1. Tell me, which residue of region B:395-408 that is outside any helix (DSSP H, G or I) and out of contact with any helix residue (DSSP H, G or I) (no Cβ under 9 Å at 6 or more places or on another chain) is nearest to the other protein chains (Cβ to nearest Cβ)?
2. Can you find a residue that is surrounded by 15 or more Cβ atoms within 10 Å (Cβ to Cβ), closer than 27 Å to residue B:62 by Cβ and within 14 Å of chain A (Cβ to nearest Cβ) anywhere in region B:224-236?
3. Does region A:150-159 include one or more residues that are modelled with pLDDT of 95 or more, in contact with a strand residue (DSSP E or B) (Cβ under 9 Å, 6 or more places away or on another chain) and assigned to a strand (DSSP E or B)?
4. Quick check on residue A:466: is it modelled with pLDDT of 95 or more and either within 14 Å of another protein chain (Cβ to nearest Cβ) or part of a helix (DSSP H, G or I) (or both)?
5. What number of residues within region B:299-313 satisfy the criterion of being in a loop (DSSP other than H, G, I, E, B) and under 26 Å from residue B:259 (Cβ atoms)?
6. Of the conditions (1) modelled with pLDDT of 95 or more; (2) in contact with a helix residue (DSSP H, G or I) (Cβ under 9 Å, 6 or more places away or on another chain); (3) more than 20 Å from residue A:265 (Cβ to Cβ), residue A:141 clears all except one; give me its number.
7. Only one residue in A:282, A:309, A:292 is surrounded by 20 or more Cβ atoms within 10 Å (Cβ to Cβ), within 14 Å of chain B (Cβ to nearest Cβ) and without any contact (Cβ under 8 Å) to a residue 12 or more places away in the chain. Which one?
8. Need the failing condition index for residue B:42 against (1) part of a strand (DSSP E or B); (2) surrounded by 22 or more Cβ atoms within 10 Å (Cβ to Cβ); (3) under 19 Å from the mean Cα position of the chain (by Cα), just the number.
């Protein structure tokens, strides 16, 4: 329910995978997310400001971990392969890294998704055993940065982990109670134990996907690259999974762990063998703190309710919730005018109700519409369009290369790899969801590069723009690009040419058909292109009702597709 | 110079004494101090983030060229957003406040006149004649003046005559590119450039690293002065197109221009610009203007300067109201189109491309700060404004058509929200485009001010936006109370509508 994240927003959080390919310092060039630290700042301002929070004395929790079998906390070593979105036919960079994992059931190890993302090989090592056990991913949830691993060989597990007790998943720790972080961070090879207190429990961005926010717990124990996926313990129980932190030049002593509600949700979701992802209301709301707002909506002055600003049409509440609806309660929890509800004695964001639900679950809302109370029920589903701004993992970059023209679907990885600043393309990226661009273009295809050749040498200035049509075919999927260029499609009376039309650019990109075929082979060998396309069906078109029905087999359209809008007149003259 | 402290008659004598014995050398080595005048301006830019404020006053000192009738030519940049301009005699130091008799920020030229009578300011100074004869290879003199009033003349060589940007992005004119080594001196902001004692241009910019400079040339100065002298300043016309080159043989074949020479491809048309009004369409290929063939790069052959951008055919001498003849190819068929040249004023754009000598238009209501979007507002986000300024607004500037089609004259947006009792809960809202206030579509800031002036029956104003948070409400009485407090707090003006 948060407003959409700004495009390419830099996330100050860094994942804690100790990857040898990514120097620790290099990951953290972001500006601090917080203002300058005051020298005389009180030691615990949060606690001082909120006396209502019940802060138990630290002694009340058991910090001893003698009941924990250290053999259950394993080192996860991975060999990685980073996809190359800049040169998509290349294999990509090889590297290695390590994180931490822990046994949660028979041959089931929990770790972070980012530890095992884009990996070729995974090995699990015990603390006192030199043997690496080959492992694989059973389930991975990139949206909440969790993964389940298993040893490939059951015999390995039976012999290597004989008598090792899985760790027990506990509850949510209280503020200012001591927690113990165990793992394999940088600074040595052997297992490491650090200790700190629970500093804050709040919704936070999960940096692995770049677009998800969930409950996270901030702790002040030293957690460092390599701690990722390791258990955070209290009273000999797991109270979290260490997963991200700030680099030292941003904030001191702030590490984050994934709390138990998120862990339990993940474990429950994968019980059927599949991970079904988080669901989302895809609805933005604004608090109702202003008396004028309350009067305008004819609401009683009881401090209850938030106003719907927008419900994304493709989201769970699309077509159900409308601008100016007021949400009064969610599953029976009254919603305060700042968007908070009370669950189990804690004030939390109303999204926490949705957070704990699964695809297909319903949520009951009491709303205020046209000065009347109404009860509505919403069936929850994923909000797919936001994935365009999400980090992608365990995928090969999709692309089509033709006569040196490189086409790729718009997504975060592509935008970053090509460092695209073209305004019209940034518009498609930022407003793909809000402006429902996906209805017309489930995939936005960008001309990301032109590999120079005599046939295309005048086309290089047109890179980074969105493709509107090719040979008369409207381009709404990467597959369209391939089909339009590998058949008889042509613009009316233009049999001899391939014609690529860009959004907001009147000048067509034209190749001679007979030259293009020859050039294609020449360019492939010249530029060491192993394969010239890789196309997958995007998830979004699997979702029913999202996309306008396509006209039956788009015949070569009229000669000219009128581009919708136009771009910055860069070389405006006269 | 020793005679600097001498009284007026003595000075005159001394000067005559200097000049008379060697008249011919004086002719060749014209004395800078005789025809230039110091211009001291105080500039104060308007604030765009706090539109009720102006920034810190800054001094700017340059040199003007003395023209006949005690007029002084300077660049417009020299006195942009000026609060006070004065003329100062180069050596005797006499000063007089000046007024701007004419200014054109696109052509970057201004004419100053003394606002009061002070004969000492022009004492002994001679008007410069203007000479358009410069060609590449000429040696020109850049005139400067020392603190003590001595003239300094530095030789520069004309590398080429070109078309380039002056001051306003996207606005290009004829330019002499020169090379030479110049020293920084006081009053160095703009400098007259002469040849054989006649004014040939004004120095615009100097790169000390490259030792090159751009000179605003005499032909543009003459056009500007002629336009000014007829009493009805029209400015330089604009065709209002953006083009692509047609070097690509495949494109030429495809567009049916492979049998002809040259031509430029029309990519973009400014709404209601000269070309748009004359019926030029996107995709047309312009082959010639007034019979001058245009090559595939967009240049034509100028009799004196060689290859020059086609834009000079519009800007170099043509006036607003003139008709030019365009030979074009449309759908592979040749056509001729007459274009009446017009000039699109900055305020005629949805988003003003520049704005000087007046502040941004705004309305503050109960702590909500509304403005009309201008390019200077976006630029106030700093060097990297295209990535730092709010994206929706940056995008609107690049692609205004959709907003123009909605019938908007200006783009009114809520730039930020001051935390007040009236705006409680809205503090985080900023940079959103306003669509309606109390049900009225907002075409410009005056519409908005009018809408707030009419109090709805329930005393609540409804403000709608095109995106999050879509709609907010404020109480009329609470807002007006806040307005009073804001005035006490020091915000002098709650609106600027003109």
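The values are calculated or read from the model by the stated rules, or taken from the named source; none is laboratory data. Just so we're clear, the structure is a prediction, and the values are computed from it rather than from any experiment. Cβ coordinates were reconstructed from backbone atoms using ideal geometry, including for glycine residues, and neighbour counts include every protein chain displayed.
1. Checked region B:395-408; the qualifying residue nearest to the other protein chains (Cβ to nearest Cβ) is B:400.
2. yes
3. yes
4. The answer is yes for residue A:466.
5. Looking only at region B:299-313, we keep the residues that are in a loop (DSSP other than H, G, I, E, B), and these are B:303-305, B:310.
Adding the requirement that they be under 26 Å from residue B:259 (Cβ atoms) leaves B:310.
Count: 1.
6. (3)
7. Within the list A:282, A:309, A:292, the selection yields A:292.
8. Residue B:42 satisfies every listed condition except (2).
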